[in-house]
Amino acid sequence: MKEYYSLDVAGVKRDLRLFSVSDTLKIAAFILFGDVELTVACAGALAKIAPEHDILLTAEAKSIPLIHEMARQMSENEYVVARKGEKVYMEDIVRVTVTSITTKKEQMLCIGKKEADLIRGKRVLIIDDVISTGESLAAMEKLVEAVGGNIVGKMAVLAEGDAIEREDITVLAPLPLFDANGEPLK
């Protein structure tokens, strides 16, 4: 039984550990947290192909290092993070719900007035680490639409499973899903 998947993305190679999400399905854990080399390389590769935009948006939390490094490399001073919960300092909160493959339960994404003001009337580029079911992406799209932003692109480091076939996202590499034995699904 295979326990790892070898990935080469943005010129960086990593062995990703496989984890079960059900009795018949495994996913490869792609985690940017703490991996400076991988984060910098992926951010640079995405920045090179990013469309013209005014503000970057991502969802909390795994893609925060990625969006931060993209903004730094593109000399942008601000970006927006849709939070997974309301914070006391957030005013006029806009909320949407989402269910993703890695959390296994419904979650909320929200932004406050400050973030809404950064998005309203602006060209928004949505960034994520991995797009799988597309639920987090759809939630971010709803947030942008709710506050009057204009989505000019959707990008991720990896597209997983059926997301590989999507034509509305730009990704650096595909990431398969795996059967119970760790073999890639076709």
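The values are calculated or read from the model by the stated rules, or taken from the named source; none is laboratory data. Because the structure is a prediction, the values reported are computed rather than measured. Because the Cβ atoms are built from the backbone with ideal geometry, glycine has one as well, and the counts that use them run over all protein chains shown. Just the protein is used for accessible areas: all its heavy atoms, side chains included, with ligands, DNA and RNA removed. Shrake-Rupley method; radii C 1.70, N 1.55, O 1.52, S 1.80 Å.
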Query raised in the report: Based on DSSP H runs of at least 4 residues, each adding -39500 (n - 2.57), what is the mean residue ellipticity at 222 nm of the chain after dividing by all its residues, to the nearest 500 deg cm²/dmol?
Result: -7000 deg cm²/dmol
Report summary line: With label points set 7 Å from each Cα along the Cα-to-Cβ direction at Glu183 and Lys13, the distance between them in nm comes to 2.5 nm
Query raised in the report: So what is the relative contact order for the chain, in percent, with contacts set as C-alpha pairs under 8 Å and at least six apart?
Result: 22 percent
Requested in this report: Measure out, as a whole number of angstrom, how far apart the alpha-carbon centroids of the stretch 122-186 and the stretch 22-101 sit.
Outcome: 11 Å
Requested in this report: Taking the Cα centre of the stretch 110-186 as origin, work out the dipole magnitude from +1 charges on Lys and Arg Cβ and -1 charges on Asp and Glu Cβ, in debye rounded to 20.
Outcome: 560 debye
Query raised in the report: Given Cα pairs under 8 Å that are at least 6 residues apart, what percent is the relative contact order of the stretch 104-186?
Result: 26 percent
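Using Cα-Cα distances under 8 Å and only pairs 6 or more residues apart, what relative contact order does the stretch 11-103 have, in percent?
Here the relative contact order equals 23 percent.
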Report summary line: Taking protein heavy atoms only, a 1.4 Å probe, and rounding to whole percent, the accessible area of the chain owed to carbon and sulfur comes out at 48 percent
Query raised in the report: Rule-of-thumb check for the chain: C-alpha Rg over 2.2 N^0.38 Å?
Result: 1.02
Query - Surface accessible to a 1.4 Å probe, per residue, for the residues of the stretch 109-186, Å² - result: 43 Å²
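Provide the packing ranking of 43-50, 2-9, i.e. peptides ordered by the mean count of other C-beta atoms within 10 Å per residue, highest first. Each step should come with its number before you reach the end.
Working: 43-50: 17.2, 2-9: 13.9.
The peptides rank, most packed first, as 43-50, 2-9.
Within 10 Å of each candidate Cβ there may be at most 10 other Cβ atoms; applying that plus a DSSP loop requirement, which GluC sites (Glu not before Pro) in the stretch 64-101 survive?
Glu91
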Query raised in the report: So, with +1 on the Cβ of K and R and -1 on the Cβ of D and E, and no other charges, what is the size of the charge dipole of the chain about its Cα centre, to the nearest 20 debye?
Result: 260 debye
Query - Those lysines that a straight Cα-Cα span of less than 27 Å connects to Lys114, excepting residues fewer than 8 apart in one chain - result: Lys62, Lys84, Lys87, Lys122, Lys142, Lys154
